[in-house]
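Report on the following structure.
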Amino acid sequence: MSRISGAIQHSLEAVPLAIASSVGVVIGALNGRLDNSPCISTELENCLIHFHHARKVGKGEEAPPTHKAETAAKYVSAIDHIDFPVRELYSELCQVVHPAEPSLHWLSHVDKNGWKVGEQDDIGSIHKLIDQHKATIGWIQQSSGNITILLCQVLNSLPRKQLHIESVKSWNMSELPLYKKIQNEFGRHGVRWPS
């Protein structure tokens, strides 16, 4: 979960603002009023290519940089926060699913005679982990969700109903710094956002 949310954050964070930065040209093109001046958004192109094509590139295999997946650590770092230690949670989850003491401790317990295999409480262990990291898990979901909602709200402002996602129209994202940046870019192009 944290790696996937981090990948979304890493790969798509710049997309809503990149679209907003060129929204005048984008809307003009969608309405059939594209002049001959080029509109190139290398950042947008690279973000979308990475999101769609990034993979583990084999040794000796040639691939553009945008096709090379980042390390899990980089994706996780994209959403790590001082108040919500995503790296700490990710590390703990890795120990649970890979051979390590935490991946086996639920099978056994220690009593006065030493280690004993006993009654397993894997559901209890899962709930304990969730309770211990509840705020961080919420942060992870919020981080990737915010980018997705903002991206959908930007697409809702374009004159193509087939791109619109009605369910995000009523979401108030105005407290986010990225929202304000996007709104400023739309305003710079004379477009009201959110529409």
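Miscellaneous remarks
- Any hit, region 119-140, residues being in contact with a Ser or Thr (Cβ under 6 Å, 6 or more places away or on another chain) and assigned to a loop (DSSP other than H, G, I, E, B): no
- Within region 31-39, the presence of a residue that is open to solvent by 30 Å² or more (accessible area, probe 1.4 Å) and closer than 19 Å to K181 by Cβ is excluded.
- The one condition in (1) surrounded by 12 or more Cβ atoms within 10 Å (Cβ to Cβ); (2) touching a residue at least 40 places away in the same chain (Cβ under 8 Å) that I165 fails to fulfil: (2)
- Residue satisfying all of: in region 117-131; open to solvent by less than 80 Å² (accessible area, probe 1.4 Å) and modelled with pLDDT of 70 or more; nearest to S143 (Cα to Cα) among these: I130
- Scanning region 151-180 for residues that are farther than 21 Å from G28 by Cα and part of a helix (DSSP H, G or I) yields E166, S167, V168, P177, L178, Y179, K180.
- Going through (1) at pLDDT 85 or above; (2) surrounded by 15 or more Cβ atoms within 10 Å (Cβ to Cβ); (3) farther than 30 Å from I165 by Cβ one by one, W106 falls short only on (1).
- Scanning region 45-77 for residues that are among the hydrophobic types (A, V, I, L, M, F, W, C) and open to solvent by less than 40 Å² (accessible area, probe 1.4 Å) yields a total of 6.
- Pairs, first small (G, A, S) in region 38-53, second part of a helix (DSSP H, G or I), C-beta under 7 Å, six or more apart: S41/A18
- Matching residues in region 181-191 - criterion: being open to solvent by less than 70 Å² (accessible area, probe 1.4 Å), in contact with a helix residue (DSSP H, G or I) (Cβ under 6 Å, 6 or more places away or on another chain) and either aliphatic (A, V, I, L, M) or in a helix (DSSP H, G or I) (or both): I182, E185, F186, V191
The values are calculated or read from the model by the stated rules, or taken from the named source; none is laboratory data. All figures in this text were calculated on a predicted structure; none of them were measured in a lab. We place every Cβ from the backbone using ideal geometry, glycine too, and count neighbours over all the protein chains shown. In case anyone asks, the SASA skips ligands and DNA or RNA and just uses the protein heavy atoms, side chains included. Shrake-Rupley method; radii C 1.70, N 1.55, O 1.52, S 1.80 Å.
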